[in-house]
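The values are calculated or read from the model by the stated rules, or taken from the named source; none is laboratory data. Remember, predicted model here, so these are calculated numbers, not experimental data. All Cβ positions, glycine included, derive from the backbone under ideal geometry; neighbour counts span all protein chains shown. Only protein heavy atoms, including side chains, enter the accessible area calculation; ligands, DNA and RNA are left aside. Shrake-Rupley method; radii C 1.70, N 1.55, O 1.52, S 1.80 Å.
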Amino acid sequence: MGKWSGLPALALLLVACALYWMPAQASEAKPVASKLMQTLEDSGATGVSIQVRARVAMGALRPEEVKELARTWAKKLEIPLSLDGEPQNSNVLLYRTTYMQNGVSMRYEVTGVPKNGSFDTYLVLQLSGSRDSLLYMEQIQETFAKALKNADFIPQISTCIRGLYNVKMSVDQQGGKIMSIFATLQATELERLQDETVVSISGYTPMWEPFIALNGQKMNLQVATHRDSGNAGTWVTIGTPIITVEY
């Protein structure tokens, strides 16, 4: 799997993660994995993998309420869960499970972070699968989002699609491929970073509503390419609102 090493990559990854955890525009996110996969494959790449990650803040709760919330939502979503706490450290509450279902790796996690005598609580559902799992993953996402909406919660959702071009590309060629993807998605470029083997371009498309803020502007699309030294190809990753996987 392609990997961008070096300080520029680390800096970009840290910025991307920080942006994702900042408050996003609160709006209901429809599944976009199919559109991203179609766009990736229309650009000449072979679709390889998909990751969809939904996160929602559940409010400030007492420890017993965090545990009950983990139990309640696991039951609603028909997720097997052991209620033995898995503290990350002496203060954080953590209830989680990872399992396979119809070829999709599913991770369910409820975390309580101590703050002012209570626990800020977050629920995360992460789905990882292959190209063949795409439609099933979108069904799970819609089911999860509908259940949360019925309880007056709107999750922040990130979607990442990964693929491979079967040729090694120069950075100029990579930039051209990315801009063709931007054109298909009617996106405007906001920021570009690159080194000798990698190009990453962030921007905004009006094709879906959820976004995060980047230097005071709306951002909901990031595309990165990486010439892999280990094979004859070039990796491409499309993420919304940002890429949240290694590229």
Q: Specify which of the listed residues (Leu164, Leu193) is over 19 Å from Ala33 (Cβ atoms), in contact (Cβ under 8 Å) with a residue 60 or more places away in the chain, part of a strand (DSSP E or B) and of a type outside the set (Gly, Ala, Ser).
A: Leu193
Q | Residue identified as out of contact with any Lys or Arg (no Cβ under 7 Å at 6 or more places or on another chain) and not in a strand (DSSP E or B) among Leu127, Leu135 | A | Leu135
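Condition check ((1) open to solvent by less than 40 Å² (accessible area, probe 1.4 Å); (2) more than 13 Å from Leu127 (Cα to Cα); (3) at pLDDT below 90) across all residues:
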{"position": "Glu64", "(1), (2), (3)": "no, yes, no"}
{"position": "Glu68", "(1), (2), (3)": "no, yes, no"}
{"position": "Thr72", "(1), (2), (3)": "no, yes, no"}
{"position": "Asp84", "(1), (2), (3)": "no, yes, yes"}
{"position": "Asn91", "(1), (2), (3)": "no, yes, yes"}
{"position": "Tyr95", "(1), (2), (3)": "yes, yes, no"}
{"position": "Gly103", "(1), (2), (3)": "no, no, no"}
{"position": "Tyr108", "(1), (2), (3)": "yes, no, no"}
{"position": "Thr111", "(1), (2), (3)": "yes, yes, no"}
Q. Could you say which residue among Val104, Val113 is without any contact (Cβ under 8 Å) to a residue 24 or more places away in the chain and hydrophobic (A, V, I, L, M, F, W, C)?
A. Val113
Q: For region 218-241, name all the residues that are over 14 Å from Thr46 (Cβ atoms), open to solvent by 10 Å² or more (accessible area, probe 1.4 Å) and touching a Gly at 6+ places or on another chain (Cβ under 7 Å).
A: His226
Q: Would you mind stating whether Glu142 is touching a Pro at 6+ places or on another chain (Cβ under 8 Å), assigned to a helix (DSSP H, G or I) and open to solvent by 50 Å² or more (accessible area, probe 1.4 Å)?
A: yes
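Do we find that Leu12 is open to solvent by less than 60 Å² (accessible area, probe 1.4 Å), of a type in the set (A, V, I, L, M, F, W, C) and at pLDDT below 50 in this structure? It would help to see each step written out before you state the result.
Values: open to solvent by less than 60 Å² (accessible area, probe 1.4 Å): yes; of a type in the set (A, V, I, L, M, F, W, C): yes; at pLDDT below 50: yes.
Considered against the rule, which asks whether it is open to solvent by less than 60 Å² (accessible area, probe 1.4 Å), of a type in the set (A, V, I, L, M, F, W, C) and at pLDDT below 50, Leu12 comes out as yes.
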